[in-house]
Amino acid sequence: MGTKRLYLLNGPNLNLLGKREPGTYGKQTLEDVAKLVKDTAWDHGYEVVAYQSNHEGDLVDWIQEADGEAAGIIINPAAYTHNSIAIRDAVSAVSLPVIEVHISNVHSRESFRHSSMIAPVCAGQVVGFGIDGYRLATLGMIQKIESEGRHDS
Ligand code: DQA
């Protein structure tokens, strides 16, 4: 059981959203992403804690921290998606639903982006809808939490 709180975790280089390869990732910023998720969650009575880091260990720490603090985690592990056993093990270790988000359609890009180390241990994955994927993941996460009776307040 968790409170009506979600964790939003973004991995390396996503602090550069808006400036970074706008043809692939769009012109909206990480601040816009956080606002979109917060507004969507708030409409359903949930609050959001949003973190971004370029460092793998920070993401592991926040996944662990979310257990007990939140009812679910929405994560874009960015490049760590494709190689991080540490993030996968952290997701496996917590009892929370985790949804993986990618802004771009990773399956239509370079072959090294086609596989995710994390997705097999996630509740679901949202890929290729741009920034709106975070909103879709938030709605999916809340639906899942509510239908499974995972929140306690
Ligand atoms: C990404 C896709 C990853 O392959 C890439 O390394 C990123 C962003 C996305 O949101 O589309 O940094 O996770």
**Fill in**
Per the filter on segment 70-96, residues open to solvent by less than 10 Å² (accessible area, probe 1.4 Å), away from the ligand (no atom under 12 Å from the Cβ), over 20 Å from Ala41 (Cα atoms) and not β-branched (Val, Ile, Thr) are Ala90
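Can you tell me which residue in segment 97-115 is farthest from Ala66 (Cα to Cα), limited to those that are touching a strand residue (DSSP E or B) at 6+ places or on another chain (Cβ under 9 Å) and more than 9 Å from the ligand (Cβ to nearest atom)?
Taking segment 97-115 as the starting set, the residues that turn out to be touching a strand residue (DSSP E or B) at 6+ places or on another chain (Cβ under 9 Å) are 97-107, 113.
From what is left, the residues that are more than 9 Å from the ligand (Cβ to nearest atom) are 97-99, 107.
Numbers: Pro97: 11, Val98: 11, Ile99: 13, His107: 29 Å.
Top of the filtered list is His107.
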**Prompt:** Quick one: Val106 ticks every box in (1) closer than 23 Å to Asp32 by Cα; (2) within 11 Å of the chain's Cα centre (by Cα); (3) open to solvent by less than 40 Å² (accessible area, probe 1.4 Å) bar one, so which box is it?
**Reply:** (2)
**Prompt:** Can we say Ala78 is under 12 Å from the mean Cα position of the chain (by Cα) and over 13 Å from Tyr7 (Cα atoms)?
**Reply:** yes
**Asked** Considering segment 35-50 alone, what residues qualify as being open to solvent by less than 70 Å² (accessible area, probe 1.4 Å) and aromatic (Phe, Trp, Tyr)?
**Response** Tyr46
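Go through Gln28, Gln64 for me and flag whichever is more than 21 Å from Ile142 (Cα to Cα) and either away from the ligand (no atom under 16 Å from the Cβ) or out of contact with any Ser or Thr (no Cβ under 8 Å at 6 or more places or on another chain) (or both).
Values: Gln64 fails: more than 21 Å from Ile142 (Cα to Cα).
Being more than 21 Å from Ile142 (Cα to Cα) and either away from the ligand (no atom under 16 Å from the Cβ) or out of contact with any Ser or Thr (no Cβ under 8 Å at 6 or more places or on another chain) (or both) holds for just one of Gln28, Gln64, which is Gln28.
Here's a check for you: in segment 1-34, which residue that is outside any loop (DSSP other than H, G, I, E, B) and of a type in the set (D, E, K, R) is surrounded by the fewest Cβ atoms within 10 Å (Cβ to Cβ)? Walk me through it before giving the result.
Filtering segment 1-34 down to residues outside any loop (DSSP other than H, G, I, E, B) leaves 2, 5-10, 14-16, 22-25, 30-34.
Retained after the next criterion (residues that are of a type in the set (D, E, K, R)): 5, 31-32.
Numbers: Arg5: 17, Glu31: 12, Asp32: 15.
Ranking the candidates gives Glu31 first.
The values are calculated or read from the model by the stated rules, or taken from the named source; none is laboratory data. Since we're looking at a predicted model, the values are computed, not measured. As a convention, Cβ positions derive from the backbone with ideal geometry for all residues, glycine included, and neighbour counts pool all protein chains shown. Side chains included, ligands, DNA and RNA excluded: accessible areas come from the protein's heavy atoms. Shrake-Rupley method; radii C 1.70, N 1.55, O 1.52, S 1.80 Å.
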